[in-house]
Structure formats: structure tokens, C-alpha cells
Amino acid sequence: MRHLKAHRKLGRTSEHRMSLLRNLTVSLINSREERIVTTLPKAKELRPFVERVITLSRKASNLEGDDTSARALHLRRQAAGFFHAGNMQAAALTGKRGQLRPPRTAGMAALKRLFDELGERYKDRPGGYTRILKLGTRVGDNAELAIIELVDNPNELEALASAKKRKAATGKKKKPAGKGKARTEDATEGDAGSSPDEES
């Protein structure tokens with residue numbers, strides 16, 4: 001029975017599942033379009049995870065009082081727990097044959113962007129930072145796909161503004177009177193010109 005089971009297991013162990021959510025969070029925050037395509041169950045599991053992190057950055061941008069820097073640092077450290085710890089020393093991780101791997105800094109870049117940009121953007125929004133859009137099924141395995149994206153992103157706002165401008169520009173042009181209008185006007189004039197006495 002699946003009674004009172006809050007989360008999806010996604011066919012993974014708890015460590016693997018947490019690593020997956022961290023990677024998806026980093027991908028979502030670091031992506032230029034501020035959206036990623038994934039399966040619907042993963043998107044539904046990712047949503048509360050991401051929103052919790054963004055709430056921490058929003059709280060940091062809304063701080064007031066004397067000890068704001070200390071509390072902001074505390075919130076930043078709490079949010080850092082949602083990402084993989086970066087490794088600044090490239091020599092620390094070596095491949096199978098001894099090659100040097102590049103440092104893992106994507107989580108640190110996501111944390112920086114989260115507190116510098118997203119916290120300010122969602123300063124006045126009390127939750128609901130993401131949106132899930134269903135895409136249909138994938139061709140290979142028929143898995144249900146979805147887009148998860150951040151709301152109020154600049155790309156979306158620019159597209160809406162340009163669409164409004166285009167709509168306003170096309171709305172200002174007057175359409176020429178077509179055949180339908182001329183026929184109805186002629187019919188009304190003909191009815192008004194003839195009286196019932198003339199017909200009988």
C-alpha cells in the first residue's frame with residue numbers, strides 16, 4: 001500500500017534521488033532560458049525543492065535590522081546545502097587514467113545567481129516561482145514529458161511586450177468594408193425606402 005507516502009522514489013536510492021534533484025536545480029537556475037525539459041514526475045518532485053531554495057534567497061533580500069549580513073550569510077549557507085559542494089582545486093578529482101577533471105563549480109554559480117538575481121526578482125512574490133507545462137509523450141519510451149520553468153523571467157516578459165506591440169499595431173489598422181457590409185447596408189436602405197402601402 002502506498003498510504004501516506006509523500007514523495008516519489010523515481011526508481012532511485014535516496015542518495016541518488018537527492019543528487020538528481022540537486023543537478024536538476026542547478027540546471028534550472030543556470031540555464032539561459034530558465035527552463036528545462038524533463039519527465040513529469042521529476043518535474044513535480046523538483047518543484048518544491050527549487051521553491052524552497054528560492055524562498056531562502058527571497059528571505060535574504062527582504063532582511064531588515066542590525067544583523068542583516070550575518071542572517072544573510074546564514075541563509076546563503078542553508079541554501080548551499082541544496083547544491084553539490086563545488087571543488088575549486090582541479091587536481092583533487094582525477095579520472096580513471098589520471099587525467100585532470102575541470103573543477104565542479106556549477107553549484108556555486110547557481111548559488112551566486114540565486115542570491116544576486118533571483119532573490120531580488122522574487123522579492124515581493126510569496127511563493128509560486130515555477131510553472132510546469134505538459135509536453136506530451138516521448139517517442140522512445142512513451143514517458144510523459146514536461147517543461148519546468150521560472151515565472152517572470154526576462155525572456156518571457158520581452159516576448160509578451162513584443163506580442164502586445166504587434167497586437168496594438170495590427171489593431172490600429174482599419175479593415176476595408178467588405179462585401180458583407182455593403183450587402184447589409186443595401187438591404188436596410190431598400191427596406192427603409194419601400195413602404196407597405198406601395199407594395200399592395
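The values are calculated or read from the model by the stated rules, or taken from the named source; none is laboratory data. Remember, predicted model here, so these are calculated numbers, not experimental data. In this analysis, Cβ positions are derived from the backbone assuming ideal geometry, glycine residues included, and neighbour counts consider all displayed protein chains.
Residues in segment 110-127 that are more than 16 Å from Leu63 (Cα to Cα) and touching a residue at least 60 places away in the same chain (Cβ under 8 Å): Ala110, Arg113, Gly127. Restricting attention to segment 31-48 and to residues that are surrounded by fewer than 16 Cβ atoms within 10 Å (Cβ to Cβ) and of a type outside the set (Asp, Glu), the residue that is nearest to Leu145 (Cα to Cα) turns out to be Val37. Restricting attention to segment 1-23, the residues being in contact (Cβ under 8 Å) with a residue 60 or more places away in the chain and surrounded by 14 or more Cβ atoms within 10 Å (Cβ to Cβ) number 2. So in segment 49-62, with the set limited to residues that are among the charged types (D, E, K, R) and surrounded by fewer than 21 Cβ atoms within 10 Å (Cβ to Cβ), which one is farthest from Glu144 (Cα to Cα)? The qualifying residue farthest from Glu144 (Cα to Cα) is Lys59.
Residues that are within 28 Å of Pro154 (Cα to Cα), at pLDDT 90 or above, of a type in the set (D, E, K, R) and not in a helix (DSSP H, G or I) do occur in segment 35-52. Scanning segment 20-34 for residues that are part of a helix (DSSP H, G or I) and either within 12 Å of the chain's Cα centre (by Cα) or polar (S, T, N, Q) (or both) yields Asn23, Thr25, Ser27, Leu28, Ile29, Asn30.
Rundown of residues vs (1) out of contact with any helix residue (DSSP H, G or I) (no Cβ under 9 Å at 6 or more places or on another chain); (2) under 26 Å from Leu75 (Cα atoms), yes/no style:
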| residue | (1), (2) |
| --- | --- |
| Leu10 | no, no |
| Leu21 | no, yes |
| Leu24 | no, yes |
| Glu34 | no, yes |
| Glu51 | yes, yes |
| Leu63 | no, yes |
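Residues of segment 53-72 that are farther than 29 Å from Arg17 by Cβ and in a helix (DSSP H, G or I): Ser61, Thr68, Ser69, Ala70, Arg71, Ala72. Filtered by the rule that a residue be part of a loop (DSSP other than H, G, I, E, B) and without any contact (Cβ under 8 Å) to a residue 12 or more places away in the chain, segment 73-82 gives a lone residue, Gly81.
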